[in-house]
Amino acid sequence: MPETVLTQPAETATATAPVVAAVDIRKQFGAFEAVRGVSFEVRRGECFGFLGPNGAGKSSLMRMVSSVSPATSGTMSIFGLDPRTSGSQIRARMGVVPQTDNLDQELTVEENLLIYGRYFDLSRAECRRRAKDLLDFVQLGDRAQSRVEPLSGGMKRRLTIARSLMSKPELLLLDEPTTGLDPQARHVLWDRLYRLKEQGVTLVLTTHYMDEAEQLCDRLVVVDRGQIVAEGSPAQLIREHATREVLEIRVAASVVAGIESALSSLGLRTEVLPDRVLLYSNNGEQTLKDVHELGITTLSSLVRRSSLEDVFLRLTGRTLND
Amino acid sequence: MSTGLLRIAPHIPLRVRRSTRLVERSIMVYRRTWMIIVSGFFEPLFYLLSIRIGFGALIGDVEVDGTLVDYAQFVAPALMASAAMNGAVYDSTMNIFHKLRNAKLYDTVLSTPLGPTEVALGEIAWALIRGLIYSTAFLVCLVALGMTSSWWVVLTIPACALIGLAFSSFGMAITTYMRGWNDFEFIPAATLPMFLFSATFYPLSSYGSYAWVVELSPLYHGVALIRALSLGEVEWSMVGHVVVLGVVSVIGMRIASRRLATLLMT
Ligand SMILES: Nc1ncnc2c1ncn2[C@@H]1O[C@H](COP(=O)(O)OP(=O)(O)OP(=O)(O)O)[C@@H](O)[C@H]1O
Ligand SMILES: [Mg+2]
């Protein structure tokens with residue numbers, strides 16, 4: 001595993017300078033504007049997240065940061081460099097995990113890592129050393145000589161992540177790193193990402209998963225329809241845009257129609273979703289009693305901590321999977 | 001990326017080194033299937049044997065610039081030039097299209113320090129290496145079958161490389177405009193007439209007042225070059241052929257790397 005992070009050239013390194021600074025970034029595809037004026041900063045050593053539903057513009061943003069997609073307008077600076085003129089230097093210091101795995105199908109697992117290291121001008125011996133370490137790191141050591149296509153989706157994902165680490169990047173971009181992984185593999189990956197962060201790697205990731213953002217991100221922005229709708233630490237966002245607890249109840253279909261007005265006397269924020277009703281409260285158990293006192297029969301109920309999902313619902317009026 | 005020679009000039013060593021990484025990748029891939037490359041060695045042998053046995057006996061000598069030449073010796077260099085064209089076209093169209101659209105190889109490569117120009121250079125370099133193996137085989141057969149009459153023939157190797165460069169650059173440029181596999185049907189529509197009408201089977205003089213049309217074909221310049229070297233009739237006017245192929249190469253490469261940038265860096 002990369003234990004040291006590449007030291008960076010002195011002229012761009014100041015302890016406080018942001019690793020990524022974006023001001024009023026827009027991205028137009030034909031007549032359609034996918035990113036509509038987004039500004040953010042990523043600080044050295046932090047884990048920064050883009051959270052948002054399908055089509056929000058997360059991948060478009062990530063591609064702009066990875067310096068392969070020019071912004072239509074706005075200014076971006078990565079390591080203090082301009083991606084329009086210094087794309088190659090920027091990419092040399094960055095690791096990228098794209099949303100869809102684009103592994104080299106004509107090569108074996110190990111060769112995928114070896115050649116990727118060579119693209120970064122590493123010596124063959126160094127490539128072999130790093131490839132071996134990284135395959136162990138993502139638990140694919142025993143598949144080194146296998147072709148890529150028979151690997152399972154989760155294995156491919158892990159290989160793509162290993163590949164992005166070949167160059168010991170200072171900045172790692174992960175576009176939905178855990179999509180398609182089973183829960184156990186997800187937790188293993190979170191742990192790996194955590195270790196990278198401890199080593200000083202700056203992480204930028206996108207996700208639709210609130211728990212992932214909550215687990216990994218120091219700061220995040222919620223993106224919706226190409227714009228940032230909220231910004232802060234996970235805890236901060238929950239504090240500002242949700243309550244401590246959420247009561248989820250399921251009621252009979254016949255009751256759903258009038259439930260919103262029936263619950264209004266409780267004076268709590270209420271969301272009626274197709275399959276359940278959410279009540280935002282600082283004391284879920286008490287609220288459940290109150291609901292029952294109103295004479296409403298619940299089929300099932302659950303009190304949980306509120307999460308970023310609730311924040312998103314609050315901010316956009318939609319659940320993440322709409 | 002590269003908006004002028006002056007701007008790229010200082011980066012040339014770095015760019016060249018970086019583009020060799022794609023050659024390295026191709027070697028990794030073909031290491032397992034080297035038989036494909038070896039089998040290519042037999043093709044020229046069959047070609048040359050067939051014209052020597054067939055044409056050579058049927059058709060006597062042809063007159064080229066006042067001297068009589070054995071017909072098989074006249075056609076063989078033209079076949080060598082055409083083979084260099086076909087190999088380059090195949091490598092730079094179908095193969096590149098697959099990597100560009102289906103395998104998304106270049107999307108991966110562009111997340112590294114390599115840029116579109118390095119991709120174009122690297123893939124063209126690989127096409128040239130394959131071409132080199134093939135034209136060496138051709139040369140060996142030419143000499144072994146006694147179908148050449150001059151030591152100048154050794155220079156057919158760099159001449160074939162130049163033909164390869166011109167056609168693979170141009171082929172790659174065209175490939176970036178292809179929308180799907182159907183569009184590849186147009187390629188033989190361009191290469192077949194070139195093969196038939198580039199003074200391949202009869203001298204330029206037999207085209208009469210249409211000779212200028214033949215001179216528009218880049219392959220004609222390749223054929224003329226290789227034929228002169230093989231027959232040992234070297235003269236200064238050959239520089240013109242070299243220039244034509246060089247210009248086609250440079251234009252093709254510029255278009256290819258620009259188009260790759262627009263396709264991949266959206
Ligand atoms: N190359 C492109 N050409 C045209 N439209 C595009 C292109 N790339 C993205 N878009 C559009 O831009 C919008 C944002 O896409 P993007 O991939 O950035 O969303 P996302 O937040 O990553 O979504 P998901 O969670 O589904 O990955 C979508 O409406 C998409 O159709
Ligand atoms: Mg996406």
**Request:** Can you tell me the relative contact order of segment A:18-233? Whole percent, Cα pairs under 8 Å, sequence separation 6 or more.
**Result:** 31 percent
**Prompt:** Taking N as the number of residues in segment B:2-264, what is its alpha-carbon radius of gyration divided by 2.2 N^0.38 Å?
**Reply:** 1.05
**Complete:** Here the alpha-carbon Rg of the protein assembly as shown over 2.2 N^0.38 Å rounds to 1.27
**Message:** As I understand it, the dipole of chain A uses +1 on the Cβ of Lys and Arg and -1 on the Cβ of Asp and Glu, about the Cα centre. Which of A:C217, A:V68, A:V291 lies farthest toward its positive end?
**Reply:** A:V68
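Net charge near B:T117: determine it from the other residues with C-beta under 10 Å of the C-beta of B:T117, scoring Lys and Arg +1 and Asp and Glu -1. Write down the numbers at each step before the final one.
Details: positive: B:R15, B:R18, B:R254, B:R258; negative: B:E118.
Every neighbour counted, the sum reads +3.
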**Message:** Please report the net charge: other residues with Cβ closer than 13 Å to the Cβ of B:V69, K and R +1, D and E -1.
**Reply:** -4
**Asked** Measuring with a 1.4 Å probe in the full set of protein chains, what accessible area per residue, in whole Å², belongs to the protein assembly as shown?
**Response** 45 Å²
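Chain pair B, A: how much accessible area is buried, both chains summed, with a 1.4 Å probe, in Å² to 100? Walk me through the numbers before you get to the answer.
Values: alone 13760 and 15230 Å², together 26620 Å².
That pair hides around 2400 Å² of surface in total.
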**Message:** Can I get the semi-axes of segment A:58-103's equivalent ellipsoid? Compute them from the C-alpha gyration tensor as square roots of 5 times the eigenvalues, in angstrom, largest first.
**Reply:** 18, 14, 8
**Request:** For A:Q99 and A:R244, calculate 0.36 nm times their separation in residues minus their Cα-Cα distance, and state this gained length in nm to one decimal.
**Result:** 48.9 nm
**Prompt:** Which angle from 0 to 90°, rounded to the nearest 10, does the C-alpha axis of helix A:124-137 make with the longest principal axis of chain A?
**Reply:** 20 degrees
**Prompt:** Rg (Å, one decimal) plus Dmax (Å, integer) for the alpha carbons of segment A:18-233?
**Reply:** 16.9, 49
**Asked** What base-10 log of the normalised intensity I(q)/I(0) is obtained for segment A:125-223 from the Debye formula, alpha carbons as equal point scatterers, at q = 0.10, 0.11, 0.18, 0.20 Å⁻¹?
**Response** -0.27, -0.33, -0.88, -1.07
**Asked** To the nearest 10 Å², what's B:K104's accessible area with a 1.4 Å probe?
**Response** 100 Å²
**Prompt:** How much length is gained if the chain between A:A253 and A:V272 is pulled fully straight, taking 0.36 nm per residue apart and subtracting their Cα-Cα distance, in nm to one decimal?
**Reply:** 5.6 nm
**Message:** For segment A:243-305, take every pair of Cα atoms, bin their distances at 5 Å starting from 0, and report each bin as a whole percent.
**Reply:** 4, 20, 36, 29, 11, 1
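Among the complete DSSP H segments of chain B, which ones combine at least 15 Å of alpha-carbon extent along their axis with a mean Kyte-Doolittle hydropathy of 1.6 or more?
Working: long enough: B:12-31 (28 Å, -0.23); B:42-53 (17 Å, 1.19); B:71-90 (28 Å, 0.95); B:116-144 (42 Å, 1.42); B:156-175 (27 Å, 1.64); B:186-196 (16 Å, 1.75); B:218-231 (20 Å, 1.12); B:238-264 (39 Å, 1.51).
For chain B, where a helix must reach 15 Å along its axis and average at least 1.6, the hits are B:156-175, B:186-196.
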**Asked** Do any residues of segment A:114-136 lose at least 30 Å² of accessible area when the full set of protein chains is present rather than just their chain alone, and if so which, with a 1.4 Å probe?
**Response** A:I115, A:Y116, A:R118, A:Y119, A:D121
**Selected from B:I129, B:M147, B:A81, residue furthest toward positive end of dipole (segment B:2-264; charges at beta carbon)** = B:I129
**Asked** Which residue fluctuates the most in chain B, going by a Gaussian network model with Cα springs under 10 Å, if the choices are B:A103, B:A81, B:A256?
**Response** B:A103
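Round to a whole number: what % of the accessible area of the protein assembly as shown belongs to carbon and sulfur, probe 1.4 Å?
Working: 15790 of 26620 Å².
Percent of accessible area from carbon and sulfur atoms in the protein assembly as shown: 59.
Rg(Cα) of segment A:150-194 divided by 2.2 N^0.38 Å?
Working: Rg = 10.5 Å, N = 45, 2.2 N^0.38 = 9.3 Å.
Here the Cα radius of gyration is 1.12 times the empirical estimate.
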**Prompt:** What is the sum of charges around A:D275, taking Lys and Arg as +1, Asp and Glu as -1, for the other residues whose C-beta is under 10 Å from the C-beta of A:D275?
**Reply:** +1
**Prompt:** Mind checking the angle between helix A:153-164 and chain A's longest principal axis? C-alpha axes, 0 to 90 degrees, to the nearest 10.
**Reply:** 50 degrees
**Reach of A:K27 by Cα under 25 Å, taken over lysines that are not fewer than 8 positions away in the same chain** = A:K58, B:K104
**Asked** How long is the gain from B:A211 to B:S50 if the chain were fully straight, where each residue apart is worth 0.36 nm and the alpha carbon distance is subtracted?
**Response** 55.1 nm
**Message:** Using Cα springs under 10 Å in a Gaussian network model of chain A, which residue among A:Q139, A:Q227, A:Q286 shows the largest mean-square fluctuation?
**Reply:** A:Q286
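The values are calculated or read from the model by the stated rules, or taken from the named source; none is laboratory data. Note that the structure is predicted; figures quoted are calculated from it, not measured. With ideal geometry, Cβ positions are generated from the backbone for all residues, glycine too; neighbour counts draw on all protein chains shown. We work out accessible area using only protein heavy atoms, side chains counted, and drop any ligands, DNA or RNA first. Shrake-Rupley method; radii C 1.70, N 1.55, O 1.52, S 1.80 Å.
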